[in-house]
Every structure is written in structure tokens, then in C-alpha cells.
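Below is one structure, written out as C-alpha cells, with a few remarks after it.
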Amino acid sequence: FAFDTGPGLLHLPAVYRDLFVKTGKESLEQSVELSQVDPASRHLFPDGTVLSLPNASRAGVVQALDGAVGAGMGERWSDLVNRGREV
């Protein structure tokens, strides 16, 4: 297995912006250069399936899931995200 532990894990920059604001120092953007990447993540499965999830597009994620792992899977993921919001 291989795992990216680099800047690809910075999916919620608002959390880091808040940290920088609360420290009273310079802003996140003054300290580091942020670049939005697309796709946001790419998953490779043992059977050869490749799932690339787009950045900042919930509809794109639904479409990518349907295409890679089967029709209706994007809607199931969307239901899970909605449930998580409720919880």
C-alpha cells in the first residue's frame, strides 16, 4: 500500500486559516502558497479499478463513484454525507 501524507491532506483550509488568525501572526495565505488540485484524490483498487474524485464538486464525486464502482453508489455516498451532517 502507498499513502500520500503530504499537502494532499489539507482538504479543509478554513481550519488552518482559523488557527493562523488565533495565533495573532500572519495569515495562512501570507505564510504558505495554497493551490487547489484536481483531482482531490485518486484511489486504486486491487482489481484495477481507478477512482478519481474531483475537487470541490459534490456532483462530480457522485458521477465518479457511479462510473467507477457502480450505478447508484454516488447517491449512497451522498446519503452517508447527509447523514453525517445530521449527526
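The values are calculated or read from the model by the stated rules, or taken from the named source; none is laboratory data. Please read these numbers as outputs of a predicted model, since none were measured by experiment. Just the protein is used for accessible areas: all its heavy atoms, side chains included, with ligands, DNA and RNA removed. Shrake-Rupley method; radii C 1.70, N 1.55, O 1.52, S 1.80 Å.
Across all directions, the average flat footprint of the convex hull enclosing the Cα atoms of the chain is 7.6 nm². For SER41, the residues whose modelled amide H falls within less than 5 Å of its own, excluding neighbours fewer than 5 places apart on the same chain, are LEU53. Karplus-derived 3J(HN,Hα) values for segment 50-57, using 6.51 cos²θ - 1.76 cosθ + 1.60 with θ = phi - 60°, are 10, 10, 9, 9, x, 8, 6, 9 Hz; glycine and proline are entered as x.
Phi-derived couplings, Karplus 6.51 cos²θ - 1.76 cosθ + 1.60 at θ = phi - 60°, listed residue by residue for segment 27-44: 6, 4, 5, 6, 9, 9, 8, 9, 10, 6, 10, 9, x, 6, 7, 9, 10, 10 Hz, with x used for Gly and Pro. As a length-normalised measure over Cα pairs under 8 Å and 6 or more apart, the relative contact order of the chain settles at 14 percent. Ligands, DNA and RNA left out, the accessible area of the chain computed with a 1.4 Å probe is 57% carbon and sulfur. A probe of 1.4 angstrom, applied to the heavy atoms of all protein chains, finds VAL81 with accessible area near 50 square angstrom.
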